[in-house]
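Every number here is computed from the coordinates shown, using simple stated rules; none is lab data. As the structure is a computational prediction, the values presented were derived from the model and not from experiment. Ideal geometry is used to build each Cβ from the backbone, glycine not excepted, and the neighbour counts take in all protein chains shown.
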């Protein structure tokens with residue numbers, strides 16, 4: 001299994017195949033259940049390793065991009081769920097600063113045996129493709 005790329009203190013991505021400087025766009029985490037429920041009613045796309053839900057907010061309240069992560073007990077025990085969420089957080093941290101749209105909520109949902117087991121490069125490529133597809137559906 002391949003390790004995800006790491007960033008040093010300056011924000012430069014090291015390791016893996018990706019290099020460059022990460023964008024400084026603010027990404028905050030969704031914490032309220034109501035935000036997750038609203039995202040569940042919005043656009044979504046399924047990929048082998050996860051599901052992505054995207055909800056453009058009507059009025060941008062200055063929070064910019066928001067992202068949430070969830071893995072149900074179907075994903076596995078606590079250790080497996082935590083590993084899957086760590087991988088999803090890292091994927092979002094690497095891709096969202098470059099592809100996210102301001103005023104949008106994203107929710108990543110882990111999948112049983114897939115999120116934790118797929119090669120990390122596949123998760124990165126799938127998330128990038130999912131965002132391109134979802135952004136193409138919303139003009």
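The figures follow:
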item	result
Distance (nanometres) between label positions extended 7 Å along Cα→Cβ at residue 86 and residue 46	2.8
Full-stretch length increase - residue 121, residue 58 - with 0.36 nm per residue and alpha-carbon distance subtracted	19.4 nm
Chain lengthening between residue 27 and residue 72 when straightened (0.36 nm per residue, less Cα-Cα)	13.9 nm
Rh by Kirkwood over Cα pairs, then Stokes-Einstein D for region 26-137 at 0.692 mPa s and 37 °C, µm²/s	236
Ordering of 69-75, 40-46, 110-116 by burial proxy (mean other Cβ atoms within 10 Å per residue, highest first)	110-116, 69-75, 40-46
